[in-house]
Amino acid sequence: MSVFEARGLKIYYKTKRGYIKAVDNINFSIEKGQVVGLVGESGCGKSTFGQGILKILPPTTFYNGVMEIEGKNLVTMGEEDIRKIRGKKIGMIFQDPMTSLNPIMKIEKIFYETLKTHEPDITLEEARERTARVLEKVGIKPERMKEYSFQFSGGMRQRAMIALSLVLNPTLVIADEPTTSLDVIVQAQIMELLNELRREYDMSMILITHDLGVVAEAADKICVMYAGHIIEEAKSEELYYAPKHPYTQLLLKSIPNTNINDLDLKYIPGSPPDLLNPPKGCRFAPRCPFKKEICELKEPKVVEIDGSKVKCWLYSEVKV
Ligand code: ATP
Ligand code: MG
(Lines give C-alpha, C1' and ligand atoms only; values in the text may rest on other atoms or scores of the structure.)
(Ligands and ions follow the chains in the order given, each with its own letter.)
Protein backbone atom coordinates (compact mmCIF):
# COMPACT_ATOMS: atom_id res chain seq x y z
CA MET A 1 0.00 0.00 0.00
CA SER A 2 1.35 3.37 -0.85
CA VAL A 3 1.92 5.85 1.96
CA PHE A 4 2.14 8.76 -0.42
CA GLU A 5 0.91 9.23 -3.94
CA ALA A 6 0.92 12.04 -6.48
CA ARG A 7 -1.40 11.90 -9.46
CA GLY A 8 -1.41 14.35 -12.33
CA LEU A 9 0.54 16.69 -10.09
CA LYS A 10 1.49 20.13 -11.37
CA ILE A 11 3.53 22.65 -9.42
CA TYR A 12 4.12 25.94 -11.23
CA TYR A 13 5.96 29.02 -9.99
CA LYS A 14 4.25 32.27 -10.81
CA THR A 15 6.66 34.84 -12.21
CA LYS A 16 6.33 38.13 -14.05
CA ARG A 17 7.14 36.37 -17.29
CA GLY A 18 4.60 33.59 -16.77
CA TYR A 19 4.40 30.19 -15.10
CA ILE A 20 7.52 28.10 -14.63
CA LYS A 21 6.31 24.54 -15.04
CA ALA A 22 8.75 22.98 -12.60
CA VAL A 23 6.64 19.88 -11.93
CA ASP A 24 4.32 19.15 -14.79
CA ASN A 25 1.80 16.37 -14.59
CA ILE A 26 3.65 13.66 -12.72
CA ASN A 27 2.48 10.42 -11.18
CA PHE A 28 4.42 9.08 -8.26
CA SER A 29 3.94 6.60 -5.46
CA ILE A 30 5.95 5.31 -2.54
CA GLU A 31 5.18 2.35 -0.32
CA LYS A 32 5.78 1.72 3.34
CA GLY A 33 9.46 1.15 4.12
CA GLN A 34 10.47 1.96 0.57
CA VAL A 35 13.27 4.28 -0.51
CA VAL A 36 12.57 5.99 -3.79
CA GLY A 37 15.37 7.90 -5.46
CA LEU A 38 14.55 11.02 -7.43
CA VAL A 39 17.33 11.96 -9.82
CA GLY A 40 17.94 14.35 -12.67
CA GLU A 41 20.13 17.27 -13.55
CA SER A 42 20.00 20.68 -11.94
CA GLY A 43 16.73 22.58 -12.43
CA CYS A 44 14.60 19.58 -13.44
CA GLY A 45 12.19 20.07 -10.53
CA LYS A 46 13.39 17.66 -7.83
CA SER A 47 13.38 20.13 -4.94
CA THR A 48 10.16 21.69 -6.18
CA PHE A 49 8.49 18.31 -5.86
CA GLY A 50 10.09 17.62 -2.45
CA GLN A 51 9.19 20.98 -0.99
CA GLY A 52 5.86 20.99 -2.76
CA ILE A 53 4.85 17.88 -0.82
CA LEU A 54 5.35 19.89 2.36
CA LYS A 55 3.77 22.98 0.79
CA ILE A 56 6.71 25.14 1.80
CA LEU A 57 7.06 26.86 -1.58
CA PRO A 58 6.24 30.57 -2.12
CA PRO A 59 2.55 31.31 -1.46
CA THR A 60 1.91 32.24 -5.10
CA THR A 61 2.87 28.74 -6.25
CA PHE A 62 0.17 27.03 -8.30
CA TYR A 63 -0.72 23.42 -7.48
CA ASN A 64 -2.99 21.14 -9.41
CA GLY A 65 -3.72 17.44 -9.24
CA VAL A 66 -3.46 15.20 -6.21
CA MET A 67 -0.87 14.65 -3.47
CA GLU A 68 -2.25 12.11 -1.13
CA ILE A 69 -0.97 11.04 2.26
CA GLU A 70 -3.06 8.57 4.21
CA GLY A 71 -6.02 9.33 2.00
CA LYS A 72 -5.82 13.11 2.47
CA ASN A 73 -5.13 15.41 -0.46
CA LEU A 74 -2.42 17.94 0.37
CA VAL A 75 -3.19 19.99 -2.74
CA THR A 76 -6.58 21.11 -1.48
CA MET A 77 -5.77 21.03 2.23
CA GLY A 78 -5.78 24.26 4.24
CA GLU A 79 -2.63 25.61 5.88
CA GLU A 80 -3.80 24.70 9.38
CA ASP A 81 -4.16 21.03 8.50
CA ILE A 82 -0.91 21.04 6.55
CA ARG A 83 0.86 22.30 9.64
CA LYS A 84 -0.29 19.21 11.52
CA ILE A 85 1.21 16.99 8.87
CA ARG A 86 4.46 18.88 8.34
CA GLY A 87 7.13 17.32 10.53
CA LYS A 88 4.70 14.89 12.10
CA LYS A 89 3.72 12.74 9.12
CA ILE A 90 6.28 14.06 6.67
CA GLY A 91 9.79 14.95 7.76
CA MET A 92 12.38 16.78 5.71
CA ILE A 93 16.14 16.62 5.56
CA PHE A 94 17.77 19.43 3.60
CA GLN A 95 21.14 19.78 1.96
CA ASP A 96 22.09 22.54 4.32
CA PRO A 97 21.40 21.59 7.95
CA MET A 98 21.40 25.26 8.91
CA THR A 99 17.98 25.64 7.31
CA SER A 100 16.49 23.51 10.10
CA LEU A 101 18.97 24.01 12.90
CA ASN A 102 18.59 27.54 14.14
CA PRO A 103 22.14 28.56 15.09
CA ILE A 104 21.05 30.76 17.99
CA MET A 105 19.14 27.98 19.75
CA LYS A 106 20.65 25.15 21.70
CA ILE A 107 20.03 21.75 20.13
CA GLU A 108 17.73 20.67 22.97
CA LYS A 109 15.64 23.81 22.53
CA ILE A 110 15.24 23.17 18.79
CA PHE A 111 13.98 19.65 19.50
CA TYR A 112 11.72 20.88 22.29
CA GLU A 113 10.15 23.49 20.01
CA THR A 114 9.59 20.95 17.25
CA LEU A 115 8.01 18.46 19.63
CA LYS A 116 5.84 21.14 21.18
CA THR A 117 4.40 22.16 17.82
CA HIS A 118 2.74 18.78 17.56
CA GLU A 119 2.45 17.78 21.21
CA PRO A 120 1.72 21.04 23.04
CA ASP A 121 1.59 19.37 26.47
CA ILE A 122 5.00 17.78 26.31
CA THR A 123 7.25 18.63 29.26
CA LEU A 124 10.83 19.76 28.88
CA GLU A 125 11.95 16.64 30.69
CA GLU A 126 10.09 14.36 28.34
CA ALA A 127 11.35 16.28 25.32
CA ARG A 128 14.92 15.89 26.58
CA GLU A 129 14.44 12.16 26.96
CA ARG A 130 13.12 11.77 23.44
CA THR A 131 15.84 14.02 22.07
CA ALA A 132 18.49 11.94 23.83
CA ARG A 133 17.06 8.78 22.31
CA VAL A 134 17.10 10.02 18.71
CA LEU A 135 20.48 11.69 19.09
CA GLU A 136 21.90 8.38 20.26
CA LYS A 137 20.36 6.67 17.27
CA VAL A 138 22.24 8.97 14.92
CA GLY A 139 25.48 8.61 16.83
CA ILE A 140 25.54 11.86 18.79
CA LYS A 141 26.19 11.80 22.53
CA PRO A 142 23.01 13.04 24.23
CA GLU A 143 24.89 15.51 26.44
CA ARG A 144 25.75 17.47 23.32
CA MET A 145 22.14 18.64 23.12
CA LYS A 146 23.31 21.44 25.43
CA GLU A 147 25.40 22.84 22.59
CA TYR A 148 24.59 25.03 19.58
CA SER A 149 24.66 23.61 16.08
CA PHE A 150 27.57 25.85 15.09
CA GLN A 151 29.68 23.91 17.57
CA PHE A 152 29.08 20.75 15.51
CA SER A 153 31.02 19.54 12.47
CA GLY A 154 29.21 19.40 9.13
CA GLY A 155 28.61 15.66 9.42
CA MET A 156 27.29 16.00 12.96
CA ARG A 157 24.98 18.81 11.96
CA GLN A 158 23.57 16.59 9.25
CA ARG A 159 23.12 13.80 11.83
CA ALA A 160 21.36 16.22 14.17
CA MET A 161 19.01 17.27 11.39
CA ILE A 162 18.25 13.65 10.59
CA ALA A 163 17.49 13.12 14.28
CA LEU A 164 15.23 16.17 14.22
CA SER A 165 13.33 14.84 11.22
CA LEU A 166 12.85 11.53 13.03
CA VAL A 167 11.88 12.74 16.47
CA LEU A 168 8.19 12.84 15.57
CA ASN A 169 8.39 9.45 13.92
CA PRO A 170 7.11 10.52 10.49
CA THR A 171 5.64 8.14 7.93
CA LEU A 172 7.58 9.71 5.11
CA VAL A 173 10.93 11.48 5.09
CA ILE A 174 12.04 13.63 2.18
CA ALA A 175 15.81 13.90 2.00
CA ASP A 176 16.93 16.57 -0.48
CA GLU A 177 20.60 16.14 -1.37
CA PRO A 178 21.34 15.04 2.21
CA THR A 179 25.00 14.34 1.52
CA THR A 180 25.94 16.81 -1.18
CA SER A 181 27.70 19.29 1.10
CA LEU A 182 29.74 16.61 2.89
CA ASP A 183 33.04 14.96 2.05
CA VAL A 184 32.99 11.49 0.54
CA ILE A 185 33.69 9.54 3.73
CA VAL A 186 31.07 11.38 5.76
CA GLN A 187 28.67 11.02 2.81
CA ALA A 188 29.00 7.26 2.99
CA GLN A 189 28.45 7.28 6.75
CA ILE A 190 25.32 9.40 6.45
CA MET A 191 23.92 7.15 3.72
CA GLU A 192 24.58 4.12 5.88
CA LEU A 193 22.87 5.80 8.80
CA LEU A 194 19.83 6.66 6.71
CA ASN A 195 19.63 3.08 5.56
CA GLU A 196 19.78 1.70 9.09
CA LEU A 197 17.20 4.15 10.33
CA ARG A 198 14.70 3.50 7.61
CA ARG A 199 14.90 -0.21 8.38
CA GLU A 200 14.54 0.34 12.09
CA TYR A 201 11.69 2.83 11.80
CA ASP A 202 10.17 1.14 8.75
CA MET A 203 9.77 4.57 7.25
CA SER A 204 9.51 5.56 3.64
CA MET A 205 12.03 7.94 2.16
CA ILE A 206 12.21 10.03 -0.97
CA LEU A 207 15.89 10.48 -1.64
CA ILE A 208 16.54 13.43 -3.91
CA THR A 209 19.94 13.66 -5.51
CA HIS A 210 21.69 14.48 -8.74
CA ASP A 211 24.03 11.60 -7.98
CA LEU A 212 22.90 8.36 -9.61
CA GLY A 213 25.66 6.47 -7.83
CA VAL A 214 24.24 7.32 -4.40
CA VAL A 215 20.66 6.32 -5.20
CA ALA A 216 21.50 3.19 -7.16
CA GLU A 217 22.81 1.71 -3.94
CA ALA A 218 20.29 3.08 -1.47
CA ALA A 219 16.99 3.14 -3.33
CA ASP A 220 14.52 0.37 -4.15
CA LYS A 221 13.07 2.33 -6.99
CA ILE A 222 14.35 5.29 -8.98
CA CYS A 223 12.42 8.03 -10.73
CA VAL A 224 14.34 10.04 -13.29
CA MET A 225 13.14 13.59 -13.80
CA TYR A 226 13.73 15.70 -16.85
CA ALA A 227 12.38 19.23 -17.25
CA GLY A 228 9.46 18.77 -14.87
CA HIS A 229 8.50 15.29 -16.06
CA ILE A 230 9.26 11.85 -14.67
CA ILE A 231 10.61 10.22 -17.80
CA GLU A 232 11.52 6.84 -16.34
CA GLU A 233 10.62 4.89 -13.24
CA ALA A 234 12.19 1.53 -12.51
CA LYS A 235 13.62 -0.75 -9.87
CA SER A 236 17.16 0.39 -9.09
CA GLU A 237 18.93 -2.57 -10.70
CA GLU A 238 16.73 -2.40 -13.76
CA LEU A 239 17.41 1.29 -14.17
CA TYR A 240 21.10 0.88 -13.62
CA TYR A 241 21.67 -2.16 -15.83
CA ALA A 242 18.91 -1.76 -18.39
CA PRO A 243 18.03 1.92 -18.69
CA LYS A 244 15.28 2.49 -21.24
CA HIS A 245 14.91 6.21 -21.82
CA PRO A 246 17.67 7.79 -23.94
CA TYR A 247 18.11 10.44 -21.26
CA THR A 248 18.63 7.84 -18.53
CA GLN A 249 21.10 6.03 -20.76
CA LEU A 250 23.10 9.19 -21.31
CA LEU A 251 22.88 10.12 -17.64
CA LEU A 252 24.36 6.78 -16.67
CA LYS A 253 27.12 7.08 -19.25
CA SER A 254 28.04 10.45 -17.87
CA ILE A 255 28.88 9.18 -14.38
CA PRO A 256 32.63 9.46 -14.07
CA ASN A 257 34.14 6.31 -12.61
CA THR A 258 36.61 7.94 -10.32
CA ASN A 259 34.43 10.35 -8.40
CA ILE A 260 30.74 9.59 -8.36
CA ASN A 261 30.13 12.88 -6.62
CA ASP A 262 31.07 14.85 -9.67
CA LEU A 263 28.26 14.18 -12.11
CA ASP A 264 29.63 15.40 -15.38
CA LEU A 265 26.94 16.08 -17.91
CA LYS A 266 29.12 17.39 -20.68
CA TYR A 267 28.44 14.25 -22.69
CA ILE A 268 24.82 15.17 -23.16
CA PRO A 269 24.90 17.92 -25.77
CA GLY A 270 22.71 20.97 -25.31
CA SER A 271 20.93 22.05 -22.18
CA PRO A 272 17.52 21.46 -20.58
CA PRO A 273 14.64 23.53 -21.95
CA ASP A 274 13.26 26.70 -20.47
CA LEU A 275 10.41 25.67 -18.17
CA LEU A 276 8.50 28.86 -18.95
CA ASN A 277 7.93 27.61 -22.49
CA PRO A 278 8.88 23.95 -22.64
CA PRO A 279 8.84 22.14 -26.00
CA LYS A 280 5.38 20.85 -26.80
CA GLY A 281 6.48 17.33 -27.68
CA CYS A 282 8.95 15.29 -25.64
CA ARG A 283 10.96 17.73 -23.55
CA PHE A 284 14.15 15.82 -24.19
CA ALA A 285 13.66 15.69 -27.97
CA PRO A 286 15.89 18.70 -28.77
CA ARG A 287 18.83 16.81 -27.21
CA CYS A 288 17.87 13.26 -28.03
CA PRO A 289 20.11 11.23 -30.35
CA PHE A 290 17.15 8.97 -31.27
CA LYS A 291 14.70 11.75 -32.02
CA LYS A 292 11.98 11.00 -34.58
CA GLU A 293 9.44 13.31 -36.16
CA ILE A 294 6.67 12.54 -33.68
CA CYS A 295 8.92 13.36 -30.70
CA GLU A 296 8.84 17.10 -31.35
CA LEU A 297 5.17 17.14 -32.23
CA LYS A 298 3.48 15.23 -29.46
CA GLU A 299 4.18 14.53 -25.84
CA PRO A 300 4.72 10.81 -25.29
CA LYS A 301 2.57 8.91 -22.82
CA VAL A 302 4.06 6.79 -20.07
CA VAL A 303 4.21 3.13 -21.10
CA GLU A 304 5.18 0.06 -19.12
CA ILE A 305 8.03 -2.08 -20.39
CA ASP A 306 9.58 -4.96 -18.41
CA GLY A 307 8.18 -3.54 -15.18
CA SER A 308 9.64 -0.08 -15.86
CA LYS A 309 7.64 2.98 -16.78
CA VAL A 310 9.01 5.06 -19.63
CA LYS A 311 7.82 8.29 -21.21
CA CYS A 312 9.31 7.95 -24.65
CA TRP A 313 8.08 7.48 -28.22
CA LEU A 314 10.65 4.76 -28.88
CA TYR A 315 8.67 2.47 -26.63
CA SER A 316 5.20 3.73 -27.36
CA GLU A 317 5.51 2.49 -30.91
CA VAL A 318 6.68 -0.92 -29.81
CA LYS A 319 3.49 -1.24 -27.81
CA VAL A 320 0.94 -0.56 -30.52
P1 ATP B 1 19.05 21.25 -8.27
O2 ATP B 1 19.61 19.90 -8.63
O3 ATP B 1 19.91 22.35 -8.80
O4 ATP B 1 18.73 21.38 -6.82
P5 ATP B 1 16.23 20.84 -8.82
O6 ATP B 1 16.00 19.65 -9.68
O7 ATP B 1 16.02 20.70 -7.37
O8 ATP B 1 17.69 21.40 -9.12
P9 ATP B 1 14.29 22.97 -8.68
O10 ATP B 1 14.99 23.73 -7.62
O11 ATP B 1 13.07 22.22 -8.29
O12 ATP B 1 15.30 21.99 -9.42
O13 ATP B 1 13.91 23.99 -9.84
C14 ATP B 1 13.05 23.65 -10.92
C15 ATP B 1 12.80 24.87 -11.78
O16 ATP B 1 12.04 25.83 -11.05
C17 ATP B 1 14.06 25.59 -12.22
O18 ATP B 1 13.84 26.07 -13.51
C19 ATP B 1 14.17 26.74 -11.24
O20 ATP B 1 14.84 27.82 -11.80
C21 ATP B 1 12.72 27.07 -10.96
N22 ATP B 1 12.50 27.61 -9.61
C23 ATP B 1 12.86 27.09 -8.42
N24 ATP B 1 12.45 27.84 -7.40
C25 ATP B 1 11.79 28.88 -7.93
C26 ATP B 1 11.12 30.02 -7.39
N27 ATP B 1 11.02 30.23 -6.09
N28 ATP B 1 10.56 30.90 -8.27
C29 ATP B 1 10.63 30.70 -9.59
N30 ATP B 1 11.24 29.65 -10.16
C31 ATP B 1 11.81 28.76 -9.36
MG1 MG C 1 17.27 20.94 -5.68
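The values are calculated or read from the model by the stated rules, or taken from the named source; none is laboratory data. Source: prediction; values computed, not measured. FYI the Cβ positions are ideal-geometry reconstructions off the backbone, even for glycines, and counts take in every protein chain you see. What goes into the accessible areas is simple: the full protein's heavy atoms, side chains included, and nothing from ligands, DNA or RNA. Shrake-Rupley method; radii C 1.70, N 1.55, O 1.52, S 1.80 Å.
One equal scatterer on each Cα of the chain, no solvent, Debye formula: the resulting log10 I(q)/I(0) at q = 0.11, 0.13, 0.16 Å⁻¹ is -0.71, -0.97, -1.38.
In the chain, the portion of solvent-accessible area held by carbon and sulfur atoms comes to 51 percent [1.4 Å probe, whole percent, DNA, RNA and ligands not counted]. Counting only DSSP H runs of at least 4 residues, each contributing -39500 (n - 2.57), and dividing by the residue count of the chain, the helix-based mean residue ellipticity at 222 nm comes to -9500 deg cm²/dmol. Compute the angle between helix 154-166 and the longest alpha-carbon principal axis of the chain, please, reported from 0 to 90 degrees and rounded to the nearest 10. Orientation of helix 154-166: about 90 degrees from the principal axis.
Probing with 1.4 Å while keeping every protein chain in the model, the per residue accessible area of segment 59-136 equals 55 Å². Note on residue 77 and residue 241: the model spin-label points, each 7 Å out from Cα along the C-beta direction, lie 3.9 nm apart. Within segment 151-264, the ratio Rg/Rh, alpha carbon atoms throughout and Rh by Kirkwood, equals 0.98. One chain, two ends: residue 32 and residue 117. Fully extended at 0.36 nm per residue, the span grows by 28.1 nm beyond their Cα-Cα distance. When the charge dipole of segment 149-231 is built from unit charges on Cβ atoms (+1 for Lys and Arg, -1 for Asp and Glu) and taken about the Cα centre, the candidate among 180, 152, 191 whose Cα reaches farthest toward its positive end is 152.
Considering every pair of different Cα atoms, what Kirkwood radius, in Å, is found for segment 146-188?
Its Kirkwood hydrodynamic radius stands at 11.4 Å.
In order along segment 125-135, the Karplus-derived 3J(HN,Hα) couplings, from 6.51 cos²θ - 1.76 cosθ + 1.60 at θ = phi - 60°, round to 4, 5, 4, 4, 4, 5, 4, 4, 4, 6, 4 Hz, and Gly and Pro are given as x. Residue 150 sits with roughly 120 Å² accessible to a 1.4 Å probe, with DNA, RNA and ligands left out of the calculation. If only the Cβ of Lys and Arg carry +1 and only the Cβ of Asp and Glu carry -1, the dipole of the chain around its Cα centre is close to 880 debye. Considering only 115, 90, 50, and ranking their Cα positions along the charge dipole of segment 1-132 that arises from unit charges at the beta-carbon of Lys, Arg, Asp and Glu, the one farthest toward the positive end is 50. What's the whole-number percent of alpha carbon pairs in segment 1-144 lying beyond 20 angstrom? Every Cα pair in segment 1-144 considered, those over 20 Å come to 57 percent. In the complete set of protein chains, residue-level accessible area for residue 271 is approximately 80 Å², probe 1.4 angstrom.
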